[in-house]
Amino acid sequence: MRPRLHQTSLFGLSLTLLIAGGLNAQQATRTQPVEGIRDNGTGYHALTNVRVVQAPGKVLDNATIVIRDGIIKEVSRDGEAPAGARIWDLSGHTVYPGFIDAHADLGMDAVPEGGDVGPTHWNPQVRAWFSTTANLQDDSQRRAALRSQGFGTALAVPGQGIFRGTGSVVNLGDAGVRERVLVPDMIQAIGFQRSFELGGSYPNSTMGTTALMKQTLMDADWYIRAWDAYESSGRSFLPPETSEALGALESVVQGGQPVVFETSSEEEYLRAHAIASEFGVQAWYRGSGQEYRLIDVLRDRRDPLIVPLDFPDAPDVTDPEAALNATLQDLRHWYLAPTSPAQLADAGIPFAITADGMSSINDFLPNLRIAVARGLSSDDALAALTTTPARWLGLSRSHGTIEEGKIANLLVSEGDLFTQDAEIRDVWVQGRVYDITRPAQIDPRGTWRITSTDEWGFDAILTLEGPVNRLRGQLEVAAGSTTRFDGALVNISSAEAVAETGRIEVRFDGEELGYQGTVLLAGSVRGDEFFGWTSLPNGADPSFSGSREDEYEGPERGAVAMNVPELDLPFIRPMMEYGVSSIPEQPDAVVVRNATIWTMGPQGRMENADLLIQNGEVVEVGMNLDAPRGSVEIDGTDKHVTPGLIDPHIHSGVSSVNESGFAIVPEVRMGDVVTHNNVWMYRQLAGGLTTAMIKHGSANPIGGENVIVKMRWGALPDQIEMDTDTRTVKFALGENPKRRQNRYPDTRMGTQEIIRDHFLAARDYERDWRSWEENQEGIPPRRDMRMEAILDILNQELLISSHGYRADEFLALVRLAEEFDFRVQTLQHGIEAYKIAPELAQSGVAAVVWSDWGGFKMEAYDATAYNARVLMEAGVTTSLHSDNSEIASRMNWEAGKLLRTGLTEEQALSTVTIQSARAIAIDDRVGSLEPGKDGDFVVWNGNPLSQFTRPEQTWLDGRRYFSIDEDMELRERIKDERSRLIQAVLSSQNGNGPRAGGE
Amino acid sequence: MMNIKNSMKVSVIAAIVLPMALNGQVRMTVPPQAEAIAIEGATIHTVTNGVIEGGTIIFNNGVITSIGANLEIPAGTRVVDGGGKHIYPGLIDAYSTVGISEIGAVGVSNDVNELGDFNPNVRADVAVNAESRHIGTSRSAGVLVAFSTPGGGLISGMSSALSLEGWSWEEMSMESSAALNVNWPNPNPRRFRGFGGRGGPQEPPPSYEEQVQALKNFFSEARAYRNAIAADEEVRTDSRYAAMVSVLDGKIPVVVAADGAAQINDAVTWALEEDVEIVIRGGADAIHVADRLVAHDIPVILTSTMAAPGRDYEGYDGAYTMPARLHEAGVRFAISGGSGSLYTNRLPWEAGVAVAFGLPEDEALKAVTINAAEFMGVADRVGSLEVGKQATFLITTGTPLDMTSDIEQSYIQGREIDMMDIQKFFFEKYMTKVMQYLRIVM
């Protein structure tokens, strides 16, 4: 087994070393011999006359900080600088603790040419063995970039692959690699985005990535047991495989080492949290900037959350047609993303701030100031960059505040760091100073009286103002001083100050002074004294001297100006068009009176009937029902009521659809990638759809596990999933699964064989487990998610829902299942299902077909609108489906089309209600209005099968999720919010800066 | 032929008698009308002259000879009882690829997009496969006239008006060059990424402005060509410019595909400058430009009424209500099938949905009959039931725009057409299989 670093002891050791050794480690505590002459500064500094923000909320004015050998020795008000210390007079400056970035990309894990070597993982995206400490490089540019934004310490997090390896805490000074690591390899990094440079075909979807994460964590657990079994047997059998990657995850699965997930959306945060909870790993999260959408979820969570400051550019609203295309989602994100840190702070959610995840690191401080302008207190901002990350990284004893005994990591700012125009002058890392911006050693601004001492002489007033690097001003010759220049006024549009040497250089047009040509003027400033000389167009070079009469007084520095108006944007979910402040409430009882009720159950269609729903379930359909007092009453006169419609095949509402990396992927789950940011759901509700099966794509003979959802608009993904034991898996036959090049299968023959072979493999897997459980001999078998899913298929616990078109391929699958003693649950698409209707009926396979799709590809050419009719005549359970986000929003009309094939009205409607529920085995809960079933129903303004009818209300779980009246209110609100936000964008752009929150 | 409607119910399946005369015949083309026919006692929806209850329609040699209530029926006229039935003009799909596109994903079965930016000389009709399966299914849905339309480039070519009955394209073609099709460029193309694909660095596509200028140049050259010919100048022949003459002379319209508000506005400005007769096709944002369209009396062919809204904030019914909103604003419009030949049979639903969302039913009917005929220049022959127009109509149990009614028989240019199509053929064939199976299991 791979020898592993012992985390705890090394951690302690490294800190001790540092505190004892300090910056200029001597030979006694450093291994590398000094070549040539030693270079030893005193390492003894005193920062005087400085305002010190020691910690958030703790400020000392006019203080002195004494640093010796990298450690803060003293912080005191009005303290004397000790003799022997180098004095740094920092009057007018503020010193903060150096920032700590808890999720920094220091770029030390570039993929080696030719790929990784050694017993790594079979999947190149699993690089858990990668150590940032072992691979520490000279990344001086990235360190300098981080220092320029105030950082002195960072958790270097690897970024390649899915399991990315271990992150180490390093200081950002320029000491050699052996002196940079503070805490080696303390955390495992995991991300949802694979690295294409690493190669490999699987996974290429979010659900595949999630499955790989889970399988790998399980494998890491197995790896320990496998090696233990091998070692404890006295090595009496063949050893298990060696995997650096699985070995590296040992302390993660045992709960010792945390994992940091990099997330790029609110959904990814939820997914990462679900994985961490399932496997009991200690999780940290690199946030996405969308945290403001999850404040309610995050409120009680205490896991480390590290958020980026990547604020979006404003949507384009430059002309009316462009404005027409600006979505509320983008406008809201533009406005609200900069408030995300403030919202986290207000909700008491612990968070750190990282400079990671920005398109340019130079945006970090400006965006930090925007976050402050948008409500984040300076103290909270500072804590998120110092004390909070220090605590999480185990550095509280040494980092995060300015106190005696702590490491001298400091940030020197001219001005309040969190305000406009403040500049970081220096960053101190472990007692060594790094210039960030050069302070002006002279400030020539102000009013000078200058006089020429030679015969050319004059008496003049020189005023200089503006930023030091772009001075401007004027030269006014006093009246009566000379005859020649009397009263001349020269505007100086640009002057340069050279800070290091105290020189200013000015050029101006000589016309005002009566010369043809340019006057050159140079001056040396020292304090308030000035000596200069000029070069005149006539060849003379008179000199002059002067003294400063008045200091320059510029505009006062203040908080970053808010140049977005204060808008009241209520919290909505999803944070987009038609989002709602909460899911609708559930009345105790709802009764629909006097309607035509299509029960789709044994009661058939009833005229002038009542429907009673209580606590979200159907109680009764009948005439003149007694309803409890206080029931919500709906007048159904002239209305039709049907069960909520069901579509057993859609692809909207998930973040990715196809895991095409392998031909066989039943281990992936669409339930892992459900998203609530899906406006289709609202539209589908508006069309009367209440339940749908979201299917995996069709790239694989055996695809992933589908997810059945209810259209709970306004809920989070886990609440959208239907509460049912029914599980189905996607199979795909025909053209699609063989379309992928260089991947078996290439033919329909191969498709059947690869399925069969995996059925057999699953039986072998089962046998191996059984035999090990009986004998406990040899290497314990591992839990294989893929094999277990296939076993579930064979045991008919994971029901097959197979994509396909032609009769031949379906018949082959039906027979294959029979060979393994089980039944295919449903065929989907089934363009040619009608050709094998009797065989399907005999085998008990349901058919899920289109009303009138066909002709769009070769295998769809024999389409007929009579498909459903033939199937139903043969006794096959027959449902319609859309396979289309949009058509799912009008399934009643899809059913209506079947009237033209001779079906009765109730038969037609059954293909989008009760038969749909039966087809995917959820008819115990939905599909008809029968007692005990879910209170999902639709109120229509006429016959639901008519092209002239529209839905008016859609109820789900006894809650009214859609009504045309409320829809109109939402539209008004959207219109109002959009116009206010568009105005906000315009006013921010008329102001000083292009970004949200101003500058 | 079996009577499909109510022929059987699932529970009484054994009672079915299936016709055993299946001979592989999907649909037979019938000869031209040989005798005068009168259909009497029907509710006749003329579209242009109201509804005639208990009306009679008489037609001979493919043309309507009289229409009205209490007509005297000339001797020698075959009389058909239309009692309880409705008669509607055949529906017209103003934008289709019927006959020139067969199987979407099978490239070689599609003849829609010719190479190059300027193809005014290509005409759809010469490429129409009279045996296309989609012709039969379109007719079964009540679509009896369709404008098969080339696509691609800036100028795609000429739409041809097709009457959906005939042994060959030649018999079917009503108007070979019915309208010129222009694809208005997109002012907001997706951001170009020069190094995006496998092909390495790529030339950026021409800008919006460049494409508009190219279109203007082409029209200017074409106009110069026409003027030179008119002045009897000797010029070298150019089949593309020659094809433009009828457009420039205002004899046929220019159908401009444009959806966005900026596109429509710019297309209108262009057409006014070019002084051509313009019809906007697509028109997703037409409501934002409604006043201008009304001011210049520019009609719109809507291609996607049965559709989701184009923007997230728009109402779920944004496309459904578009016809009603345009009607209210006074914009003239037709509704087309929108998605090509495969689904020309969905044309009635594209119009019907507008009725569910506020458009008066008679306006919806106009949008798929007379309006389409007028915009595309064939209103002298089809689009309404009037004396002198072609006897191209439907006998139904109710409006063809709703699936709750059935189309029982259609006439095209007086021919009583075979109502069989490939979909019904498969139904009959495989119902035979079901019957055989049920006899075994019962």
One finds the C-alpha centres of segment A:205-282 and segment A:875-900 to be spaced, in Å, by 44
With x for Gly and Pro, the residue-by-residue ³J(HN,Hα) of segment B:63-68, computed from phi through the Karplus equation 6.51 cos²θ - 1.76 cosθ + 1.60 at θ = phi - 60° and given in whole Hz, is 10, 5, 9, 7, 7, x
P(r) over all Cα-Cα pairs of segment A:645-926, 10 Å bins from 0 to the longest distance, whole percent per bin, short to long, reads 7, 30, 35, 20, 5, 2, 0
Restricting to lysines and to Cα separations under 27 Å from B:LYS424, and discarding same-chain partners fewer than 8 apart, the set is A:LYS835, A:LYS857, A:LYS897, B:LYS5, B:LYS9, B:LYS85, B:LYS433
Quick numbers on the protein assembly as shown, Rg and Dmax over C-alpha atoms in Å, give 39.5, 132
Counting sequence-distant residues (5 or more places) and residues on other chains, those with an amide H built under 5 Å from that of A:GLU952 are A:VAL939, A:TRP940, A:ASN941
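Give me the Å³ per residue figure for the convex hull around the C-alpha atoms of segment A:307-398. List each step's numbers first, then the result.
Working: hull volume 10.0 nm³, N = 92.
Taking the convex hull of the Cα positions in segment A:307-398, it is 109 Å³ per residue.
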Mean Cβ-within-10 Å packing, highest first, puts peptides A:274-287, A:509-522, A:726-739 in the order A:726-739, A:274-287, A:509-522
For A:LYS58, counting only lysines whose alpha-carbon sits under 20 Å away and dropping same-chain residues fewer than eight positions off, the answer is A:LYS73, A:LYS406
Amide H neighbours of A:GLU633 at under 5 Å, excluding residues fewer than 5 places away on the same chain, with H built from the backbone geometry, are A:VAL591
Long-range amide H partners of A:ALA102, meaning residues 5 or more apart or on another chain whose placed amide H is closer than 5 Å, are A:LEU155
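What's the ranking of A:85-92, A:785-792, A:866-873 by average number of surrounding C-beta atoms within 10 Å, highest first? Before the final figure, lay out each step's value.
Details: A:85-92: 15.4, A:785-792: 20.8, A:866-873: 28.0.
Most protected by this proxy first, the peptides run A:866-873, A:785-792, A:85-92.
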Karplus-derived 3J(HN,Hα) from phi for segment B:161-177 (6.51 cos²θ - 1.76 cosθ + 1.60, θ = phi - 60°), whole Hz, x at Gly and Pro, runs 7, 10, 9, 7, 8, x, 6, 8, 4, 4, 5, 7, 5, 8, 7, 5, 10
Taking every residue of A:866-878, the Cβ atoms of other protein chains inside 10 Å of its Cβ average out to 5
Segment B:389-442 and segment A:137-200 have their Cα centres apart by a whole-number Å value of 70
At the level of C-alpha centres, the distance separating segment A:802-816 and segment A:630-646, in angstrom, is 40
As straight-line cross-link partners of A:LYS933, the qualifying lysines (C-alpha separation under 22 Å, not fewer than 8 residues apart within one chain) are A:LYS639, A:LYS710
For segment A:663-755, inverting the pair-averaged 1/r of distinct alpha-carbon atoms gives a Kirkwood value in Å of 14.5
Under the Karplus relation with 6.51, -1.76 and 1.60 and θ = phi - 60°, whole-Hz ³J(HN,Hα) for segment A:969-982, x at Gly and Pro, equal 5, 4, 4, 4, 5, 4, 4, 5, 5, 4, 5, 5, 5, 5
In degrees rounded to 10, the 0-90 angle between helix B:261-274 Cα long axis and the longest Cα principal axis of chain B is 70
Mean per-residue count of partner chain Cβ within 10 Å for B:354-364 equals 2
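Averaging the inverse of every distinct alpha carbon separation and then flipping it gives the Kirkwood radius. What is it for segment A:795-939, in angstrom units?
15.4
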The extension gain from B:GLU328 to B:VAL79, computed as 0.36 nm times the residue separation minus the Cα-Cα distance, is 85.4 nm
For segment A:31-188, Rg(Cα) over 2.2 N^0.38 Å is 1.33
Descending packing, highest mean Cβ count within 10 Å first, for A:760-770, A:202-212, B:127-137 is A:202-212, B:127-137, A:760-770
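Just to check, using Stokes-Einstein with a Kirkwood Rh over alpha carbon pairs, what's the diffusion coefficient of segment A:705-841 at 4 °C and 1.567 mPa s in µm²/s? Can you show the working numbers first?
Working: Rh = 16.9 Å.
Diffusion coefficient, whole number: 77 µm²/s.
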Stokes-Einstein, Kirkwood over Cα pairs, segment A:485-638, 37 °C, 0.692 mPa s; D in µm²/s equals 133
Counting only backbone N atoms under 14 Å from a point 7 Å out along Cα-to-Cβ of A:SER251, the residues of segment A:275-307 in range are A:282
Across 5 Å bins beginning at 0, the whole-percent shares of Cα-Cα pair distances in segment A:638-795 come to 2, 9, 16, 16, 15, 13, 11, 9, 5, 3, 1, 1, 0, 0, 0
CD proxy, 222 nm, chain A: helix-only mean residue ellipticity via -39,500 (n - 2.57) per DSSP H run with n ≥ 4, per residue, nearest 500, stands at -7500 deg cm²/dmol
To the nearest 10 degrees, the tilt of helix A:364-373 (Cα long axis) against the first principal axis of the alpha carbons of chain A is 80
For segment B:266-366, one quarter of the surface area of the C-alpha convex hull, expressed in nm², comes to 6.7
In degrees rounded to 10, the 0-90 angle between helix B:347-356 Cα long axis and the longest Cα principal axis of chain B is 90
In whole percent, the Cα-Cα distances of chain B spread across 10 Å bins from 0 upward as 4, 19, 28, 25, 15, 7, 2, 0, 0
Shielding of A:839-852 by other chains, given as the mean Cβ count within 10 Å, works out to 1
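Just so you know, all these numbers are worked out from the coordinates, no wet-lab data involved. Being a predicted model, the structure only gives us computed values, none of them experimental. We place every Cβ from the backbone using ideal geometry, glycine too, and count neighbours over all the protein chains shown.
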